[in-house]
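Each remark here refers to the structure printed beneath this line.
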């Protein structure tokens, strides 16, 4: 139970600060944080300006990848905020700094917990003794993880009152939540709540509306409303609306070696050695994220912990019988999100997994999003999860992309125009419209994958013949399915559906190649023309094409198109620049091999890596080694330190390949590579 919660004699539950404990303010000025950690100064909310506080604290900062090698939350807490660095690249929080600071409360600015869904981030705070988290706003998954851990979240105004000595009714902190979320938070976390529900001590009232027009997300949730503790969908003609608190049956999910150990640890602790899971045939484990950890020098000290994670994942798989996508002889079948969409995510499914880019499955006309290890452990054991129906925002696509533009450019545009204004925050991004037909399934998967960078709950794409054919072509053996069977499963929005985020029409033909500048995916802009004032005369050391976002078949086609043009012109990767290409699954690798791409990529000087995660999470070839290095990458996010200490730009596969040939950031233009012999000089490269 949260130690800040007390019960008065009249039964009222209130929140109050403990006099012996402190409040930590996360200022933009790292020295002001250090002074608090050393115990030299304490601040009150009354004397702090909100603008002084850190915005967009991402979960990579709270618990960098190397901290996540530990599966016990108590050990994770030792290095809370290890990724918060000062201007000199030095840690602001040393080992045990938060743990030894006697803090009850931690305070920051806008959008706390952006980026990865890793639950280790709030665990690091809770197991350091923090029980109240104050911020102007929270990223959706991070907020949910706090709730599941029983962490209270509040506002600046509430903190000022608490520091003035006031006891505040607990209901003020939880009133904004739906009844189920409120009960979870007030119960002390999800495990305590679920076990009370399974014992019949807590009942869940499902929504009871009359017929109403619904979005795609609402329709899928309505069709999965669970009928009691058995966890089966009740079916029927139920309807839901945003804000409804629902008990929802889950079709399937997956975890990877960064998270499975915690899931196994929690289930053993809560349910004992004989625990079981529901729907094992549609659950999976993947060995993809830490595949190359042994080759990364900074991870060498943690390889014993990595082996422990791998071992515990194997134990979980053997215990439960879920699908096994473990590495064989050091080679992974591929990245979880890519394989899941290939192998088992079907139209109309409701899928949960322990990674923020689970939303990529929405390209299959399914509703999918990432959850923490606590929530995943509960839903695989019970077969159900508790959902507050999210709002939706619709993007109506028209026209067609120019030959040098991709879905990545569209997402960088949406990040700049809509995500920055928080129109996508905690909403399901729905994609449809006539322009959708011009986008391949792999391009649609890019749209849904990067919903995470928009701080959206998820994303979903309307289904069509292209969807049915693609899924059918990728299902093998006993998983085979006919396109006609899939058509009946498609979910489409009702014509009169309401979108709280609005309906926004985007003419694909109006888009231009984009690049996101280092620090945040929302820092996007159009790439300057070659004959401009030199805004994009940015020389690069590394170009990386891979990850779940950009390691698909269609992405390989895009790399190949640019590099084939370069090869025909007698060009290779620029001297001093390194191009690393990595497929997202063994199926993608086979696709590239069949088309001769491997030979092409090698011929122009690219390095080829087997399937799996890598540079995207700073764990494999393609990461920068020094702060002076500059990378351009087709991955999904570019937070500081995400892919090494250097500067990281985000762009499309086309732009990444073109930039690798030129050695500087440049937008691809069809036919841009030609070799001419000037009358008075050597061979030169011209841009048309």
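The values are calculated or read from the model by the stated rules, or taken from the named source; none is laboratory data. Bear in mind that the values here come from a model prediction, so they are computed numbers and not experimental data. We place every Cβ from the backbone using ideal geometry, glycine too, and count neighbours over all the protein chains shown.
Each row is one residue, and each column tells you yes or no for (1) part of a strand (DSSP E or B); (2) surrounded by fewer than 17 Cβ atoms within 10 Å (Cβ to Cβ).
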| site | (1), (2) |
| --- | --- |
| 593 | no, yes |
| 602 | no, yes |
| 612 | no, no |
| 619 | no, no |
| 626 | no, yes |
| 631 | yes, no |
Inset, instruction - Go through the residues of the stretch 212-231 one by one and say whether even a single one is at pLDDT below 90, surrounded by 17 or more Cβ atoms within 10 Å (Cβ to Cβ) and in contact with a strand residue (DSSP E or B) (Cβ under 6 Å, 6 or more places away or on another chain). - result: yes
Inset, instruction - Look through 485, 453 and report the one residue that is at pLDDT below 95, under 27 Å from the mean Cα position of the chain (by Cα) and either assigned to a loop (DSSP other than H, G, I, E, B) or not assigned by TED's automatic domain parsing to the domain that holds residue 350 (or both). - result: 453
Legend entry - Hits in the stretch 379-418 - residues which are in a helix (DSSP H, G or I), buried (at least 24 other Cβ atoms within 10 Å of the Cβ) and assigned by TED's automatic domain parsing to the domain that holds residue 251: 379, 380
Inset, instruction - Using the structure shown, decide if residue 598 is under 24 Å from the mean Cα position of the chain (by Cα) and not assigned by TED's automatic domain parsing to the domain that holds residue 332. - result: no
Legend entry - Per-region count, the stretch 198-211, residues surrounded by fewer than 10 Cβ atoms within 10 Å (Cβ to Cβ) and closer than 24 Å to residue 499 by Cβ: 3
Inset, instruction - Can you give me the number of residues within the stretch 241-260 that are at pLDDT below 95 and out of contact with any strand residue (DSSP E or B) (no Cβ under 6 Å at 6 or more places or on another chain)? - result: 5
Legend entry - Single residue of the stretch 661-676 satisfying the filter (part of a loop (DSSP other than H, G, I, E, B) and surrounded by fewer than 16 Cβ atoms within 10 Å (Cβ to Cβ)) that is modelled with the lowest pLDDT: 671
Inset, instruction - Using the structure shown, decide if residue 579 is surrounded by fewer than 24 Cβ atoms within 10 Å (Cβ to Cβ) and farther than 29 Å from residue 435 by Cβ. - result: no
Inset, instruction - Please work out which residue is farthest from residue 164 (Cα to Cα), limiting yourself to the stretch 49-64 and to residues that are part of a loop (DSSP other than H, G, I, E, B) and touching a residue at least 40 places away in the same chain (Cβ under 8 Å). - result: 64
Legend entry - Subset tally (residues that are assigned to a loop (DSSP other than H, G, I, E, B), crowded, with 21+ Cβ neighbours inside 10 Å and modelled with pLDDT under 85) for the stretch 640-651: 1
Inset, instruction - Taking residue 603 as meeting all but one of (1) more than 25 Å from residue 668 (Cα to Cα); (2) modelled with pLDDT of 95 or more, write down the number of the exception. - result: (1)
Legend entry - Matching option when the condition is over 13 Å from residue 353 (Cα atoms) and either touching a strand residue (DSSP E or B) at 6+ places or on another chain (Cβ under 7 Å) or at pLDDT 90 or above (or both), among 285, 277: 277
Legend entry - Whichever residue in the stretch 358-375 is assigned to a helix (DSSP H, G or I) and modelled with pLDDT under 95 and, among such residues, is nearest to residue 585 (Cα to Cα): 373
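Conditions (1) surrounded by fewer than 19 Cβ atoms within 10 Å (Cβ to Cβ); (2) touching a strand residue (DSSP E or B) at 6+ places or on another chain (Cβ under 9 Å); (3) assigned by TED's automatic domain parsing to the domain that holds residue 57; (4) over 24 Å from residue 474 (Cα atoms), marked per residue:
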position: 509; (1), (2), (3), (4): yes, yes, no, yes
position: 514; (1), (2), (3), (4): no, yes, no, yes
position: 519; (1), (2), (3), (4): yes, yes, no, yes
position: 560; (1), (2), (3), (4): no, no, no, no
position: 587; (1), (2), (3), (4): no, yes, no, no
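Scan 540, 471 and give me the residue that is in contact with a helix residue (DSSP H, G or I) (Cβ under 7 Å, 6 or more places away or on another chain) and assigned by TED's automatic domain parsing to the domain that holds residue 560. Reasoning before the result, please.
On the way: 471 fails: assigned by TED's automatic domain parsing to the domain that holds residue 560.
Sole residue among the options that is in contact with a helix residue (DSSP H, G or I) (Cβ under 7 Å, 6 or more places away or on another chain) and assigned by TED's automatic domain parsing to the domain that holds residue 560: 540.
Could you check the stretch 420-432 and list, in sequence order, the residues that are at pLDDT 95 or above and outside any strand (DSSP E or B)?
Looking only at the stretch 420-432, we keep the residues that are at pLDDT 95 or above, and these are 423-424, 427-432.
The answer is 423, 424, 427.
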Legend entry - Qualifying residue in the stretch 138-152 (condition: over 21 Å from the mean Cα position of the chain (by Cα) and free of Cβ contacts under 8 Å to residues at least 40 places away in the same chain): no
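Select, from 583, 633, 628, 547, the only residue that is assigned by TED's automatic domain parsing to the domain that holds residue 672 and free of Cβ contacts under 8 Å to residues at least 24 places away in the same chain. Working first, answer last.
Working: 583 fails: free of Cβ contacts under 8 Å to residues at least 24 places away in the same chain; 633 fails: free of Cβ contacts under 8 Å to residues at least 24 places away in the same chain; 547 fails: free of Cβ contacts under 8 Å to residues at least 24 places away in the same chain.
None of the others qualify; the one that does is 628.
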Inset, instruction - Mind listing whichever residues of the stretch 462-482 are over 18 Å from residue 445 (Cβ atoms) and in a loop (DSSP other than H, G, I, E, B)? - result: 476, 480, 481, 482
Inset, instruction - Might you let me know whether the stretch 52-63 holds any residue that is over 30 Å from residue 453 (Cα atoms) and out of contact with any helix residue (DSSP H, G or I) (no Cβ under 9 Å at 6 or more places or on another chain)? - result: no
Legend entry - Flag for residue 497 being part of a loop (DSSP other than H, G, I, E, B), outside the structural domain of residue 551 (by TED's automatic domain parsing), surrounded by fewer than 17 Cβ atoms within 10 Å (Cβ to Cβ) and at pLDDT 95 or above: no
